[in-house]
Amino acid sequence: MKEPLLAVHGLEYVYPGGVTALRGLDLRIERGRKLAILGANGSGKTTLLLHLNGLCKPTQGEIRLEGQPVGYSHRALNDWRRQVGLILQEPDDQLFAATVRQDVSFGPLNLGLSNAEAGERVGEALDALHIAHLADRATHTLSFGQKKRVAIAGVLAMRPEILVLDEPTAGLDSHGVTHLLGALQQLHESGATLVFSTHDVELAYTWADHVAVFHDGVVLRQGETATVLSDRDVLRQARLRPPLLLEVAEALGVKVSAGSLSRSREALLALLRERLAGQD
Amino acid sequence: MRAIDHHAWTNRWRDWHPVEKGLPAVGLLTLTFVLPPLSTAPLVLASATLITVYGAGIPWKTLLSVLAAPAAFLLAGIPFLAISMDFTAGIDLTLSLEGLRLALTTVIRALAAMSCLAFLILTTPLTDGVLLLRRVGVPAGMIELILLMYRLIFVFAERALTGRQAQAGRLGYSRLDRSVRSLGLLGGNLFQRALDQARRLEIGLMARGYTGELCVLSPPWELSRWRLVAGIAGISLIGLVSSGLARSLS
């Protein structure tokens, strides 16, 4: 089997207070995938994500980046964080500068780039998220959705290989979600590996190509989206409901397995209309 | 406060080098203080107002509301300047020509000075001025602190507002004693959240390679020689005219 880009094995983490957050967790992040980490609220997803670029140091377990065990020295961490970019759920936790351009330049300058190079990276990242027109706006005058995209641009400007997003759609309206996912899809198509945490089964079902179901400090099952989300036992154990789109497809008698059904709502609606027309 | 900040970020002269805006503000302010007020102050007031409204495109209403508060204080002070009191034989109030003149010069001079400052704060975001400080050698740590505070003021102002609304929704401000109690709780809560926010911001910045220094790109300002010359010429002209006026008046 091919070595994943980032591999987590037997990860354990106990909070300073003594509460155990992760208990022997395994996770594989393969190059070029859109991986959803699916779990209920408060299940410790954020803690897991903080481990993925060394912001939390595990009590036990191993993390390998491109096959090499990661280190926690200053230099190793810098290198690691350049390759794995993490975007927090709350953009105000990541934005600190007065204007958008200044904020996005922070990461590239930390990489030791010159002002000119950093400026180029900023332009590139803003373009990728379609927010070039916000470059000189004051950070505090942006809407929540705009802030979220600026936070993503700030990480993207460091050109990471893996983008890790904590609940990227939380707090966005459906228009904002569509917009954001569109931009992320473009990034994905240009080669970025995406990992995102969510409690939204529908989002994972329609958008991720792999899903890891997370519950009580372990990954219950990881694999191809339709396969994992058809596993009722795993979902029940993780206190998640199966996606509605999947249930309807199954009720229509469509066998859902890897690649057999396009998982979009449009595809399902087309199928439904076809069936209804057939009944007349 | 919000309105000032909004216009500072969006006015027509937003992208000018802060020095180009600081020059007329400080220049006119200096004229107001060194030249005779009766001839200079009206000219300064007029020109500062005109460049604010017609140059930078700040609405009249905003400018007037910025000037209104200090103006109210000035007007309230007029009687105390104009009327002289004498307590030697009972209370004797006299309105002297000298007193009136003093009141007039004080008011008009203060208003002119205010209009210069209003021009500056309405056209230049606070952070531009702070970045300028960095170029003249103020320590980086201090500048980072000011910029972070500026950013977080808005984060906390929003939390304070929603917190207050949430309390008001549960009748937290329906009586004086409850108001005091609610305000105290809100303050305590904000303090806790500030600590929490600081911790989370640190994590967020570490994820972006933060190693103890908040370096960002400076705005691409370029000093325009033309604007500087125009500014100096304008100030000199106003200075000359007002000196001439002062001489012909006296």
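Within the shell of other residues whose beta carbon sits under 15 angstrom from the beta carbon of A:T178, the net charge comes to -1, with Lys and Arg scored +1 and Asp and Glu -1.
Can you tell me the orientation of helix B:97-123 relative to chain B, as the angle in degrees between its alpha-carbon axis and the longest Cα principal axis, to the nearest 10? Here the helix axis deviates by roughly 40 degrees.
Please average, across the residues of A:86-95, the number of beta carbons from any other chain that are within 10 Å of each residue's own beta carbon, and give a whole number. The mean count of partner-chain Cβ atoms within 10 Å per residue comes to 5. Its relative contact order, with pairs defined as Cα atoms under 8 Å and 6+ residues apart, puts the range B:27-100 at 16 percent.
Normalised by 2.2 N^0.38 Å, where N is the number of residues, the alpha-carbon radius of gyration of the protein assembly as shown equals 1.29. Taking every DSSP beta bridge that has both ends in the protein assembly as shown, the antiparallel portion is near 60%.
The distance from the alpha carbon centre of the range B:101-164 to that of the range A:41-81 is 42 Å, rounded to a whole number. Shape analysis of chain B yields a ratio of the Cα radius of gyration to the Kirkwood radius, Rg/Rh, of 1.09.
Top mean-square fluctuation among A:L268, A:L220, A:L126, Gaussian network model of chain A, C-alpha springs under 10 Å? Comparing A:L268, A:L220, A:L126 in a Gaussian network model of chain A, the most mobile one is A:L268. Both numbers refer to the Cα atoms of chain A; Rg and Dmax are 19.8, 69 Å.
A Gaussian network model of chain B, with springs between Cα atoms under 10 Å, assigns the largest mean-square fluctuation among B:T88, B:T211, B:T52 to B:T88. Of the DSSP H helices in chain A, not one has a Cα length along its own long axis of 24 Å or more together with a mean Kyte-Doolittle hydropathy reaching -0.5. The spread of Cα positions in the range A:118-247, taken along each principal axis and listed from longest to shortest, comes to 50, 28, 26 Å. Principal axis extents of the C-alpha atoms in the range A:119-168 (largest first, rounded to whole Å): 30, 28, 14.
Its Cα gyration tensor gives the range B:159-250 an equivalent ellipsoid; the semi-axes, largest first and in whole Å, are 51, 31, 10.
Normalising the Debye intensity of the range A:69-145 to I(0), with uniform scatterers on Cα atoms only, and taking log10 at q = 0.12, 0.27 Å⁻¹ returns -0.39, -1.38.
Inter-chain neighbour count for A:136-147: the average number of beta-carbon atoms from partner chains within 10 Å of each residue's beta-carbon is 3.
Computed over the alpha-carbon atoms, the range B:131-206 gives an Rg to Rh ratio of 1.16, Rh here being the Kirkwood radius from the mean inverse distance.
Values in this text are rule-based calculations from the coordinates and carry no lab data. All values derive from a computational prediction rather than experimental measurement. Note: ideal-geometry Cβ built from the backbone for every residue, glycine included; neighbour counts use all protein chains shown.
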